[in-house]
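> First the structure, which I've put down as structure tokens, then a few questions once you've had a look.
Bear in mind that the values in this text are calculations on the coordinates, not laboratory data. None of the values given here were measured: they were computed from a predicted structure. Ideal geometry is used to build each Cβ from the backbone, glycine not excepted, and the neighbour counts take in all protein chains shown.
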Amino acid sequence: MSRRSRAVAFLVAACVAAVAAAAIADGYGRSVARGYGEMRAVVVTSEDLREGEPIDSRAAAAVLEVRQVPVRFVPPAALVDPAETIGLVAAATVPAGSYLMATQLRPPDSRRADPGIGQGRRPVELSVGGAGALSAFGAQPVGSKVDVVVTTEPAGSGDGRTYVAAAAVPLLALGAGGEGEPGEANVTLGLTRAQALRLLAAESFARRITVIPVGGR
């Protein structure tokens, strides 16, 4: 066999091997998917996330990464997008390699509770809809109590979910929304730590957050 013929034969063999390797890898990936079920994106810490350290876009890019993990292994409160962490701090140090969950984060000033809004609560600002109903009867809404309702995006072919994320919380301030749309507003609410974490996370994934006035003050 000539040198050229041997070279051609080697090239053909290499191509066949590459195709076979790709087929094996694809088959393995499908086998894993069948064995472990649906995969989901989840945020994982690539380095220690230190307690109280502010998370900005640069810190999120440096310390956090997104991995695909079987849904059955993902904790319910695990975050899916590093952008959800921006503006928050870790409530306690999160070791490298950990799933990052909403319950592990807090607003940077959440330890400074305002005694005027009740023990264990702190002021938190949110963008919401339904603000027009707060003053529908001419009353001053600030100082009243509101329910905060979250409506999620549809999951696959299913419908979105609507639920009360915080009930009867004090409304501390009310301002125009950033987009200037009717009914949209920025509100400051007196929230517990758990309510604040839940609603700050909802701002990144929910279709809509709505406030509804409740009776009494």
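> For D48, enumerate residues with amide H under 5 Å from its amide H, sequence gap 5+ or separate chain, H modeled in the peptide plane.
A96
> Which order do Y99, Y163 fall in if you start with the one that has the fewest other Cβ atoms within 10 Å? Let's see the in-between values first.
Values: Y99 18, Y163 9.
The most exposed by this proxy come first: Y163, Y99.
> For a Förster distance of 25 Å, can you work out the FRET efficiency between the beta-carbons of V80 and V214, rounded to the nearest 0.05?
0.20
> Report, please, the projected area of region 39-106 averaged over directions, based on the convex hull of its C-alpha atoms, in nm². Could the numbers behind the result be given before it?
Values: hull surface 15.0 nm².
Projected over every direction and averaged, the Cα hull of region 39-106 covers 3.7 nm².
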